[in-house]
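Presented below is the structure to which this report refers.
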Amino acid sequence: MLKEFRDFIARGNVVDMAVGIIVGAAFTAIVRSLVADIIDPIIGLIIGGIDFSDMYFVMNGTVPEGASLADARDSSAAIFAYGAFVTSVINFLIIAFVVFLLVKTINRVRAAAERKAKKQAEAEAAAAPPPGPSELDVLLEIRDALKNRQ
């Protein structure tokens, strides 16, 4: 059983998946910082200087006026944190766009490599000497040469 587990872990897909998860977690932290520290303040400036991530609506209960989202959540009131939701949507869109650009770049590089390999194969085929006569052609020539001797 230990050998099976070791073989499972040693497979390329599992290792690739682990690397992808680790890189994805790090990438998510970068995108969160991009949204929270750069994009949200710009959007807040456009909509009047409001802290975008702290926008919420109290549905039931009481929350002190001007309380932050964290304080509103701690007050056990039912809140609708639409600012946090919009921030999550912006995070998703940024991640999706960056992944799109990454896949597009990878596909472009892969297509260029395939074109290069195809051109190289064509050049090698063109540079290769023409194939000589087949075994059958040689045997027919020998037969004809022997007939002409007689």
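The values are calculated or read from the model by the stated rules, or taken from the named source; none is laboratory data. A quick note: this is a predicted structure, and the numbers were derived from the prediction, not measured. Here Cβ is always computed from backbone atoms with ideal geometry, including for glycine, and neighbour counts include all displayed protein chains. All accessible areas refer to the heavy atoms of the entire protein, side chains included, with ligands and DNA or RNA removed. Shrake-Rupley method; radii C 1.70, N 1.55, O 1.52, S 1.80 Å.
The set of residues in region 52-79 that are touching an Asp or Glu at 6+ places or on another chain (Cβ under 8 Å) and in contact (Cβ under 8 Å) with a residue 24 or more places away in the chain comprises F52, S53. The selection criterion, being at pLDDT 85 or above and either open to solvent by 100 Å² or more (accessible area, probe 1.4 Å) or β-branched (V, I, T) (or both), does not hold for K104.
Within region 110-132, the set of residues being surrounded by 10 or more Cβ atoms within 10 Å (Cβ to Cβ) and either of a type in the set (D, E) or touching a Gly at 6+ places or on another chain (Cβ under 8 Å) (or both) comprises E114, E122. Where helices (runs of 4 or more DSSP H) sit wholly within region 1-50, those with at least 2 residues that are surrounded by 10 or more Cβ atoms within 10 Å (Cβ to Cβ) and aliphatic (A, V, I, L, M) occupy 12-34, 40-46. Can you name the number of the only condition in (1) modelled with pLDDT under 80; (2) at positive phi; (3) open to solvent by 80 Å² or more (accessible area, probe 1.4 Å); (4) of a type in the set (G, A, S) that S76 fails? Exception for S76: condition (1).
State whether one or more residues within region 57-68 are open to solvent by 50 Å² or more (accessible area, probe 1.4 Å), in a loop (DSSP other than H, G, I, E, B) and of a type in the set (D, E). Scanning region 57-68, I find at least one residue that is open to solvent by 50 Å² or more (accessible area, probe 1.4 Å), in a loop (DSSP other than H, G, I, E, B) and of a type in the set (D, E), so the answer is yes.
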